[in-house]
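Only one structure is covered here, and it is reproduced in the block below.
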Amino acid sequence: MKQLSPASRARYFRRQLVDRVMSGLCMVAAGVGLVLLGLILWMLFSNGIGGLKLSVFTNSMAQPGAEGGLANAIVGSLIQVGLGATIGAPLGMMVGVYLSEVGKESKFASVVRFVNDILLSAPSVLIGLFVYQIAVAPMGGFSGFAGALSLALIAMPIVARTTEDILRLVPQAYRDGAVALGSRENEVVRKVVLPAAFSGILTGVLLAVARIAGETAPLLFTSLGNTNWSTDLTQPMASLPIAIYRYAGSPYPEWVSLAWTGAMLITVGVLVLNILSRFSHAAVAGKSQG
Amino acid sequence: MSLMTKEASETVEAGAPAPRSIRGTPTSAPVVKPTAAVTAATRIKIQDINAFYGEKQALFGVNLEIPDNAVTAFIGASGCGKSTLLRCLNRMNDTIPGARVEGRILMDGIDVNGTEIDPVQVRTRIGMVFQKPNPFPISIYENIAYGPRTHKLTSSKAELDEIVERSLRRAALWDEVKDRLGKPGLGLSGGQQQRLVIARALAVSPAVILMDEPCSALDPIATAHIEALLDELRKHTCIVMVTHSMAQAARVSQVTAFFHMGKLIESGPTDQIFTMPKVEQTHDYITGRFG
């Protein structure tokens, strides 16, 4: 440092100071995020773990005083989320494939991309109202199917977006190689591009499932919720988020306790999905490094 | 690269009779008399090709005959149109939006540039190897099997096994990978990957193989492997190669075509182009005065 002029020394120390301050701010921000997440998890587990007993999984929701559980809500959630993902994920994938491999920069593709982005950020309560209009009202009542449909509408744009993003990461060299071997466009996509992007797309689907598993608002107007055991898709169906919504605000301590346990179950489920998606993504990264 | 170019230019400037000295890489097979190769049958006739990317014209009235059973090298500075011409031959320019190619490219009497010709058919007859090795992210075996499967060339697993083995042997890769055919193609070294994609192209028995700077991403040893392989492959196929290395063109090709600003300046037997070019521009380029 000796040979530096006073002016450049001052500059050097200023830059060092700015660097340290910025790094410090970033660390504080990361710390705040971590502490908040930790507090939420701690609160969930400390309140929820006490209510975790076998009856939660074996009994349906019941009157205050009776030994109630969440079995109907858990199964209802599984059915609606499962059906929603089954409808929404393939549609989303097809949209993603269209945007990345067929439409590309065309006018129509840009419009689809724009609309998809709007759908992606639309309030989920709006999706619920929309499905109420197109499914609940004409079918004459709330139903598990309508609930699944609203979840599908939320999952679709997420999957479309992640699929497009992942497909764009597939090296152009793979496509060129396949074209040069005399593959048609659909063969290039089916045999080379999609397999190369498979785990990335799976990650997107898992994240979409994690997202719709916790959705409450769209289900309020569609599957409504049900205190009894029902797996009939044409009838109102229970779900964990709605059970939490109903129970958490109730005056009965056993219901409040069940709400905490239900919230903990959803969180654990979402956590597991996120961990799975990380694994599937790590598999992609590992493969491309070869 | 710059070193090799210098070597080539020194040889020419010293007035050596033929660029034999730079042909003599340790791995290359005995050199066949270039004149013999040039008199071989013409495989592809390029007639009056004009190519455009949108408004920009990339090729101006190119006429060239490409002989069978020989390596034809396209040389020239970056942006001279040599890669564009190469990509015309298997209709790869069709995949670029706004690209347009006028003129005729005759192969076996058929104009492969004709509008009624299915580009997919052209590409099964004319294989291509790219600058960067691009094996698919699947196993070595599956990489080779891709073409035969796509074009349903085989009816049985045994037949497919045979094609895979034959293709890998022709690409001089079999001994290195025969015990790990199920392993990912991307796990191979760069030079092995390039031989893998050459084998992949060979698996559909193309009449012509196009190579777009096949060695520019490889180290000298891997390059020597590929060059030795080219000399072997040309016995049964027509090879067209774009290269930035003039030393490489001199070592492996029998015919050289020099391009500048989208025009074919000169073409002829490699020995003649490198020792007594007829056009001043060619002379300037190969002696390193420009480009």
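The values are calculated or read from the model by the stated rules, or taken from the named source; none is laboratory data. Small disclaimer: the values here were computed from a predicted structure and weren't measured. In this analysis, Cβ positions are derived from the backbone assuming ideal geometry, glycine residues included, and neighbour counts consider all displayed protein chains. Calculation scope for accessible area: heavy atoms of the full protein, side chains included, ligands and nucleic acids excluded. Shrake-Rupley method; radii C 1.70, N 1.55, O 1.52, S 1.80 Å.
Pair-distance distribution P(r) for segment A:86-176, from all Cα-Cα distances in 5 Å bins starting at 0: 3, 14, 20, 20, 16, 12, 7, 4, 2, 1, 0 percent. Shown is the FRET efficiency for B:Ala207 and A:Asp117, computed with R0 = 60 Å from the Cβ-Cβ distance and rounded to the nearest 0.05: 0.80. Each residue of chain B gets 128 Å³ once the volume of the Cα convex hull is shared out per residue. For segment B:234-265, applying the loop criterion from DSSP together with a ceiling of 10 other beta carbons within 10 Å to the trypsin sites (Lys or Arg not before Pro) yields B:Lys235.
Ranked by the mean number of other Cβ atoms within 10 Å of their residues, highest first, the peptides A:139-150, B:218-229, B:44-55 fall in the order A:139-150, B:218-229, B:44-55.
Take B:Arg123: with every protein chain present and a 1.4 Å probe, its accessible area is about 20 Å². Gyration tensor over the Cα atoms of segment A:6-51: the corresponding equivalent ellipsoid has semi-axes (square roots of 5 times the eigenvalues, largest first) of 44, 4, 4 Å. Just to confirm the number: angle between the C-alpha axis of helix B:157-170 and the first principal axis of chain B, 0 to 90 degrees, nearest 10? Rounded to the nearest ten degrees, it is 30.
Estimate the FRET efficiency between B:Glu65 and A:Thr86 by the formula 1/(1 + (r/R0)^6), using the beta-carbon distance for r and 56 Å for R0, to the nearest 0.05. Computed FRET efficiency for B:Glu65 and A:Thr86 comes out at 0.40.
Taking every residue in B:142-155 and counting other chain Cβ atoms within 10 Å of its Cβ, the average works out to 2.
Give the residues of segment B:110-132 whose amide nitrogen is closer than 16 Å to a point set 7 Å from the Cα of B:Asp48 in the direction of its Cβ. The answer is B:111-115, whose backbone nitrogens lie closer than 16 Å to the label point.
Using only side-chain charges placed at the Cβ, +1 for Lys and Arg and -1 for Asp and Glu, the dipole size of chain B relative to its Cα centre rounds to 320 debye. Per the Debye formula on identical point scatterers at the alpha carbon atoms of segment A:54-289, with no solvent, log10 I(q)/I(0) at q = 0.10 Å⁻¹ is -0.54. Tell me whether segment A:226-270 comes out rounded, prolate or oblate; compute the Cα gyration tensor, take square roots of the eigenvalues as a ≥ b ≥ c, and use a/c under 1.5 as the rounded threshold. Judged from the Cα gyration tensor, segment A:226-270 comes out oblate (a/c at least 1.5, b/c at or above a/b).
Per-residue SASA remark: A:Met27, around 140 Å² accessible (1.4 Å probe; ligands, DNA and RNA not included). Its Cα gyration tensor gives segment A:10-84 an equivalent ellipsoid, and the semi-axes of that ellipsoid, as √(5λ) in whole Å with the largest first, are 50, 16, 7.
Tell me whether the protein assembly as shown comes out rounded, prolate or oblate; compute the Cα gyration tensor, take square roots of the eigenvalues as a ≥ b ≥ c, and use a/c under 1.5 as the rounded threshold. Judged from the Cα gyration tensor, the protein assembly as shown comes out prolate (a/c at least 1.5, a/b above b/c). Counting heavy atoms of the protein chains alone, A:Asp19 has an accessible area of about 90 Å² for a 1.4 Å probe.
Averaged over the residues of peptide B:118-130, the number of Cβ atoms from other protein chains lying within 10 Å of each residue's Cβ is 3. Think of each Lys and Arg Cβ as +1 and each Asp and Glu Cβ as -1; about the Cα centre, that makes the dipole of segment A:54-289 roughly 520 debye.
Largest first, the residues A:Phe57, B:Phe136 sort by 1.4 Å accessible area into A:Phe57, B:Phe136.
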